[in-house]
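Here's the structure we're looking at; comments come further down.
The values are calculated or read from the model by the stated rules, or taken from the named source; none is laboratory data. Note that the structure is a prediction, hence the values are computed from the model and not measured. Here Cβ is always computed from backbone atoms with ideal geometry, including for glycine, and neighbour counts include all displayed protein chains.
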Amino acid sequence: MLSGNLVFAVSLGYVILLFLVAFWGDKKARTGSSALFQSPLIYTLSISVYCTSWTFYGAVGSAVRSGLEFATIYIGPTIVFIGFWYLLRKLVRIGRVHRITSIADLLSSRYGKGESLAVLVTLIAVIGTTPYIALQLKAVTNSFQVISGTVVSDLAHPVFGDPDYTTAFWIAFGMAIFTIVFGTRNIDANERHHGVVAAIALEALVKLFALLAVGLFVVFSLADGPGEVFSWAPPDFLKTEDVFGPRWVSLTFLAATAVICLPRQFQVTVVENSDERHLFTASWMFPLYLMLISLFVLPIAIAGLKFLPETANPDMFVLTLPMAMNQHTLALIAFLGGFSSATSMVIVACIALSTMVSNHIVMPLALRLPWIEMKASGDIRKLLLFSRRASICLVLLLGFIYFRLSAKSDALASIGLIAFLGVAQFLPSLIGGLYWRQASAKGAFAGLAAGFMLWLYTLFFPSFEGQFVMPLSVIENGPWGITFLQPQALFGLTDMDPLVHALFWSLSINTFLFVIVSVIFDPKPLERLQGALFVDVFRTPADNESRFIRRYAASSDLFVLAQRILGTNTAYRLFSDFAKKQGVSGHLPRADDEFIGHLERELAGSVGAATARAMISQVVKGETISLDELMKIVDETQQVIDYSRQLEVKSHQLQQTARQLRDANERLKQLDLQKDDFLSQVSHELRTPMTSIRSFAQILLETPDMTVEETQRFTGIILEESMRLTRLLDEILDLARLEGEQVPWVLQRVDPEETLERAVETCHGLASQAATEIRFGDRVGDIEVKAEADRLRQVYLNLITNAIKYNTSDTPVITIRTTLEDDRYCVYIQDNGEGIRADDRERIFKKFSRGWRESKDSRSGTGLGLAISWQIMQRLQGDLELLPQIPGDGACFRVTLPFDSIKTSKAAE
Amino acid sequence: MTRKRRAPVPGAATATAIRKSRDLAMIIPVVFTLLIMKPMIHLFGPEPGLAGIPAIVVYVFGLWTLAVVLTAWNARRLNTPETNDPLVMDPQDSPP
């Protein structure tokens, strides 16, 4: 035997460790380094609150009594998790999108956000869970008494005498403190309880480790491998002949249901989920956990039967077997495992139930009470926190009282399955709500209420064996002796296992009423809307809600409401974030349908959908649900149309992208070609002067007896050609700079007329050499444009020199006139030469393309001038064009620039 | 293995693979449930199966392990960004 003090010290140390882990978890989460707590492993471990002390100790007991039957409790959840893709994934998605806080909230939100359904669900959950909590208290107290040897001295006692209520009370008290400290940090149920989750995960490891340790001890220390253990088994230990009957199917089904519907499972699987993808890991890791937990149940049961006295309680084999073998450390580990499984269940169940009680019972009541008319910021938040904490105490107190009243009877032993069937009543409404649009609130309520009543009548009350509400005579003979209404043989259905009997009646009538009433009474518009949003959660985002509900409110009213629930800081952040999203300055966003919908969802994350809706309704005006829009989304044909439209849009986008790619590719090819052209042209253009320079230099070198005149002429040519070469290179560089520059030019106010005159003056020398007359036509007068004077002058010069150089007329004349046309300043430069041939017109602005066949000047140009001028005009946001040829006239170029403002026109003066 | 095969339309191979994984996500739990229920499970009894362990125990735990392994393998294939794309998703993506 271990001394009571040692056990107490170890458990106290363990509890302190749990507190530290929870503190650490919360602190890590607050400082933002919560990656560990948001890992799929922690998520999976937290789901294992499914394994309570009832399964930790009870599985072995169940194996002793009915062989393999214990496995059903783990096989059911295994089926649900390996089939996660079709149910759990949808549940988790809905939970996240609609900010669901509990299973009561889920059902209420799905069925039109009504309060009565939530109250009923909460009631069932509390009634089903309270005895379950009592069972945990009993298990911990018993195990404490067993291991510290205060009750039994010879392990043979099947009953432990008086349970130690003081211990039980302090255990309950400790759990209340823990849950209040770490479970009610914030009111937003969607905010994860990192501290709690961390502690739960640790406890999950401890209980798995404890069971594996005891199992390994049995198999490899007591026996020589699994073969020997099974050879000890009494004949027909596994009861394979009758264990796979209806009870096997029913229990598997119940366990599968429980892992979805139990409030604490819903809490850890859906509400505490921080990332949908964690489900992908949990889908196999949780079944693996369950498999490992049940792996050694049979060996422990067999060894217990062999080594312990016949009267020993099989429900305590996990603990008493190591004790009987004098393995005190192992016994202590087993005790801690049982302690872990009990406490983790109680903590999570309390959090889940307190959320439900405070959101669906306390809050609706409080909001109706006239004297709770506080308007201060955060008042509702305070009320909520208080009611959560009070609810936790209340739930634990109820559990304790229940334990105190029924501790001596065996009524508690079967409460696990009874609770499973209680919460299984949620299943028809839940599944119907997720997959059936027609499912209505009335149907759900009728089914749930009937199922609940039948559960009470056929299973819950009879389980007290006449000590509570239902006297023994009623159980045995039916009320008033009417055997037809006998609770465990209802409507004459005798010879059935009581659990299977209750399961059959409660769930089938529940489902029947749910379906029939749903079919008869059409759902209300809001139910229809929520139904569509839930059933098609993967296709319709929650924001869609705002498409259907039209309502109006003042932003400031909404803000007052939000800060009452969320507190000023959170509300301020929420509002200003949304305002920023809307692009509204200030911190109050426009109160449009989208924002009201968003706010309602945020509030629902704290107070539940029903209360959030009720509170929003107090503030908003003129709520209407657009039926046409609604019918559209409810209508499945429309869905398919929507879907194919989406497809169409996507394929259209793809086509566009492909076209853009093709275009880009085409452009790249052309650019590549142009580059090649340009290179060959450049080398050609460079070659011509180079050749003449080389040949004249060669002549000079090879003819020593050359006359001075000839030498001078040849060197002149060489000089000229090399100058031309330099000019060519300069221009190529200039062009390259123009084309390559990414930064736009800084344009300044320039008088283009003055620039033009200066350009003409510069050309005077050349003009008089070529006997060309430069005439001015109409002029604009005083004007300013945005440009760069030097570059503009370069363009003018190029055009005028071209007009001079390539004018083949006998009396060459250049006419320059300027006009204003549609906000543009235009300069026309016209010569009277023979013009540019039609087939050259296209390419004169390209590099190295001279438009003129003949030139008066022996020094022909580089062929880059017009290309450069064109580039410059583009950079100046203007244009340079060659106007259509008029027969008899020469070439006419037009330079255009956008103009800014006209100063007083000179012409007008 | 689907990688090696020729895929005439880009993305078609992934879509097929995802659809297959999704079907498998349905098949695994259904088959597991059928195998763990009566007619099948009755084929095995308390007679020693493997290393002295009764055949029924070997069967139940073997089946369980197999389900875990298959689900783990399939979950990894399902856990891709495409699976959450509604356009890859079947329009009738809900169980009967």
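Structural remarks
- Selection of the stretch A:280-301 for residues being more than 7 Å from every other protein chain (Cβ to nearest Cβ) and among the small types (Gly, Ala, Ser) yields A:Ala282, A:Ser294, A:Ala301.
- The set of residues from the stretch A:713-759 being at pLDDT 85 or above, closer than 26 Å to A:Ile816 by Cβ and basic (Lys, Arg) comprises just one member, A:Arg758.
- Scan the stretch A:321-374 for residues that are buried (at least 20 other Cβ atoms within 10 Å of the Cβ) and of a type in the set (Phe, Trp, Tyr) and the total you get is 2.
- Members of the stretch A:77-102 found to be in a helix (DSSP H, G or I) and under 30 Å from A:Ile361 (Cβ atoms), listed by number: A:Pro77, A:Val80, A:Leu88, A:Lys90, A:Leu91, A:Val92, A:Arg93, A:Ile94, A:Gly95, A:Arg96, A:Val97
- Flag not set for A:Phe307, criterion: buried (at least 24 other Cβ atoms within 10 Å of the Cβ) and touching a residue at least 60 places away in the same chain (Cβ under 8 Å).
- Test: residue in the stretch A:520-535 that is at pLDDT 85 or above and surrounded by fewer than 21 Cβ atoms within 10 Å (Cβ to Cβ): yes
- Candidates A:Thr179, A:Thr257 - the one that is among the hydroxyl-bearing types (Ser, Thr, Tyr), assigned to a helix (DSSP H, G or I), within 42 Å of the chain's Cα centre (by Cα) and away from chain B (no Cβ under 14 Å): A:Thr179
- Listed by position, the helices (runs of 4 or more DSSP H) contained in the stretch A:418-500 that have at least 1 residues being crowded, with 21+ Cβ neighbours inside 10 Å are A:426-435, A:441-455.
- Whichever residue in the stretch A:234-254 is facing chain B (nearest Cβ under 8 Å) and aliphatic (A, V, I, L, M) and, among such residues, is surrounded by the most Cβ atoms within 10 Å (Cβ to Cβ): A:Leu238
- Only residues that are polar (S, T, N, Q) and at pLDDT 85 or above were counted across the stretch A:408-437, and they come to 2.
- Subset of the stretch B:57-74 [β-branched (Val, Ile, Thr) and either under 12 Å from A:Gly227 (Cα atoms) or more than 8 Å from chain A (Cβ to nearest Cβ) (or both)]: B:Val57, B:Val58
- Looking only at the stretch A:79-108, and only at residues there that are away from chain B (no Cβ under 14 Å) and under 20 Å from the mean Cα position of the chain (by Cα), the one that is farthest from A:Gln265 (Cα to Cα): A:His98
- Residues considered: B:Pro46, B:Pro54. Of these, the only one that is at pLDDT below 80, facing another protein chain (nearest Cβ under 7 Å), surrounded by 15 or more Cβ atoms within 10 Å (Cβ to Cβ) and within 21 Å of A:Arg247 (Cβ to Cβ) is B:Pro46.
- Counting only strands (runs of 3 or more DSSP E) that sit wholly inside the stretch A:777-837, those with at least 3 residues that are under 29 Å from A:Arg727 (Cβ atoms) and out of contact with any Ser or Thr (no Cβ under 6 Å at 6 or more places or on another chain) are A:813-821, A:824-831.
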